[in-house]
Amino acid sequence: DAKTTQPPSMDCAEGRAANLPCNHSTISGNEYVYWYRQIHSQGPQYIIHGLKNNETNEMASLIITEDRKSSTLILPHATLRDTAVYYCIVRVKGNTPLVFGKGTRLSVIA
Amino acid sequence: DGGITQSPKYLFRKEGQNVTLSCEQNLNHDAMYWYRQDPGQGLRLIYYSQIVNDFQKGDIAEGYSVSREKKESFPLTVTSAQKNPTAFYLCASSMRGEAFFGQGTRLTVV
């Protein structure tokens, strides 16, 4: 079973920041937080991952709380092309399989 | 271009026939994975392989078989024993970090 809890859906106005929360209260010390997104009928796309420090790349920022029990994915300026299902996954780094929950369906509205 | 190729994108088969889905990667990744996705649901793990000539069952392996004779190839056979094979099938690969997904094969059994 997935070790994360996410809201089933969220809306965001185009051009505004999208903040997607994720709870992972049972995360272990060696588990990372990974974020993927899936645009309709395509394969999931890797976004970002982190262990305990905040991370930023060209797509998004990842904010992890100090106790590591929750995190937030931030898309700083959402566009219509960011409409997708976003999955938060905890996993040890390596080749263990990703375990997907149901994710959050983000709708970016013009 | 480097990446993961799944073929074909759409596949139709008659009930009772076995069918093999192709997955090839040229990323030199050790691990490869097969997932199934039903409408409105998250991805569920069928099989995975962390090294050539070795593979493990995932959560829903019944009715499926795989082989891993080459590092770059991980074909999935959907057998007649799979009671509800119509679904979207996704292949992924990884090398001790983030996983990369193919664009999927949509299998319809009639």
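Worth a mention:
- Those Cys residues of chain A for which no other cysteine Cβ falls under 4.7 Å: A:CYS12
- Counting only Cβ charges, +1 for Lys and Arg and -1 for Asp and Glu, the dipole size of chain B around its Cα centre is about 280 debye.
- If you take all other residues with their beta carbon under 13 Å from the beta carbon of B:LEU107, and give Lys and Arg +1 and Asp and Glu -1, the sum is +3.
- Charge context of A:SER41, other residues only, Cβ under 11 angstrom, K/R +1, D/E -1: +2
- Measuring only protein heavy atoms, the 1.4 Å probe finds B:VAL110 accessible over about 110 Å².
- Intensity falloff of chain A expressed as log10 I(q)/I(0), Debye formula with alpha-carbon point scatterers, at q = 0.12, 0.16 Å⁻¹: -0.36, -0.66
- Pairs from the table (A:LYS52/B:LYS71; A:LYS69/B:LYS57; A:LYS93/B:LYS9; A:LYS3/B:LYS71; A:LYS102/B:LYS83; A:LYS102/B:LYS71) lying more than 26 angstrom apart at Cα are A:LYS52/B:LYS71; A:LYS69/B:LYS57; A:LYS93/B:LYS9; A:LYS3/B:LYS71; A:LYS102/B:LYS71.
- FRET efficiency, B:ARG44 to B:THR79 (Cβ-Cβ, R0 22 Å, nearest 0.05): 0.80
- Accessible area in the full protein assembly, largest first, 1.4 Å probe, for A:HIS40, A:HIS77: A:HIS40, A:HIS77
- For A:86-93, mean number of other protein chain Cβ atoms within 10 Å: 1
- Placing unit charges on the Cβ atoms of the charged side chains and taking the dipole of chain B about its Cα centre, the candidate lying farthest along the positive direction among B:ILE51, B:TYR64, B:ALA92 is B:TYR64.
- Positive contributions from Lys and Arg (+1) and negative ones from Asp and Glu (-1), summed over other residues with Cβ under 12 Å from the Cβ of A:GLU14, come out at 0.
The values are calculated or read from the model by the stated rules, or taken from the named source; none is laboratory data. Here the structure is a predicted model, which is why all the values come from computation and not from measurement. FYI the Cβ positions are ideal-geometry reconstructions off the backbone, even for glycines, and counts take in every protein chain you see. To get the accessible areas, we keep the full protein, side chains included, count just its heavy atoms, and leave off ligands, DNA and RNA. Shrake-Rupley method; radii C 1.70, N 1.55, O 1.52, S 1.80 Å.
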